[in-house]
Structures are given as structure tokens and as C-alpha cells.
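Since every read-out is calculated from the coordinates, none of them should be taken as a lab result. Just so we're clear, the structure is a prediction, and the values are computed from it rather than from any experiment. Positions of Cβ are backbone-derived with ideal geometry, glycine not excepted, and every protein chain shown enters the neighbour counts.
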Amino acid sequence: MTEYLQIFSTVDNEEAAGRIATALVKRRLAACVQIVPNLRSVYWWQGKVEEAGEYLLLIKSTREQYPALERAIRELHPYDCPELVGLKVETGLRAYLDWLQNEVKK
């Protein structure tokens, strides 16, 4: 049975967000990547509190594709330590989940 994931990542600029989103979809590692602009992050980095504007990537994929998706993020992402967090989708519209499954590599 397919396990669906909602995966989150952030980047610091629109160009990187578009490049990563397009690559993940073209490689069929994600059925869809939504880009949410104007995110403000406050976080610890190298011993001090930082603040930055970011773009949020909402990545729709499957657990089966996660290892390849993680490799692609490590390859494409500009950060040394990118956020990459996946949450299991507990429920969803069957037609949407079928579409998602059909759009990623098996």
C-alpha cells in the first residue's frame, strides 16, 4: 500500500525555490511542489539567533520516493543543512491520492 508524504523544505530565494520544485517534478520525485513566498524564519544557527526571509516548499510525494528525493534536495539545495521534514498523510481525497501516486516514479 502506498504511503503518501507531505514534505517541507525552505530556501532563501525565489530562483532556488523554482529550480528545486521544477527538478523534483521533472524527475518524478514529487507530483507537485507548492511554493509559498514571504515566510520569515527565526532560528538558531552556529550558536546565535538568526532571522531570514524564506520560501516554503510543500512537496507531495511518497515514502517510496523519499530516499531519492532526499538525495536530490542535498544535490540542489543551497543550504549546508536544509530543512527536510516529511509527514505521513493520514487521509485524503482518493482521486487526489491516486493522481499523486500515478505522477511519481514507481
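Shown for the chain: lysine pairs separated by 8 or more places, or found on different chains, whose C-alpha atoms are under 24 Å apart, numbering 9. Amide H contacts for Cys32 (H built 1.01 Å from N in the peptide plane; partners 5 or more residues away or on another chain; cut-off under 5 Å): Lys60.
Could you give the dipole magnitude of the chain about its Cα centre, charging the beta-carbon of Lys and Arg +1 and that of Asp and Glu -1, in debye to the nearest 20? It would help to have the intermediate numbers written out before the result.
Working: 14 positive and 15 negative charges, 99 e Å.
In debye, rounded to 20, the chain gives about 480.
Each of Cys32, Cys81 was scored by other Cβ atoms within 10 Å of its Cβ. Listed from fewest to most, they are Cys81, Cys32.
Which longest run of the chain has no exposed loop site in it, a site being GluC sites (Glu not before Pro) in a DSSP loop with at most 13 other beta carbons within 10 Å, and the site itself not part of the run? Could the numbers behind the result be given before it?
On the way: sites that count: Glu3, Glu90.
With a cap of 13 other Cβ atoms within 10 Å, the longest stretch comes to 4-89.
Applied to the range 18-26, the Karplus parametrisation 6.51 cos²θ - 1.76 cosθ + 1.60 on θ = phi - 60° returns per-residue 3J(HN,Hα) values of x, 5, 5, 4, 5, 4, 5, 6, 4 Hz, with x for Gly and Pro.
Select from the range 1-73 those trypsin sites (Lys or Arg not before Pro) which occupy a DSSP coil region and have at most 15 other Cβ atoms within 10 Å, ordered by residue number. List each step's numbers first, then the result.
Numbers: sites: Arg19, Lys26, Arg27, Arg28, Arg40, Lys48, Lys60, Arg63, Arg71; in loops: Arg27, Arg28, Arg63.
Sites meeting the loop and neighbour criteria: Arg27, Arg28, Arg63.
Note that the range 93-100 has calculated 3J(HN,Hα) couplings of 4, 3, 4, 5, 5, 4, 4, 4 Hz, one per residue in order, obtained from phi through the Karplus relation 6.51 cos²θ - 1.76 cosθ + 1.60 (θ = phi - 60°); glycine and proline are x. The 3J(HN,Hα) values that the Karplus relation (6.51, -1.76, 1.60; θ = phi - 60°) gives for the range 61-68 are, in residue order, 8, 10, 4, 4, 8, 4, x, 5 Hz. Gly and Pro appear as x.
Computed per residue of the chain from DSSP H runs no shorter than four, each worth -39500 (n - 2.57), the mean residue ellipticity at 222 nm is -10000 deg cm²/dmol.
Less than 5 angstrom separates the built amide H of Glu64 from those of Glu3, all sequence-distant by 5 or more or on a different chain.
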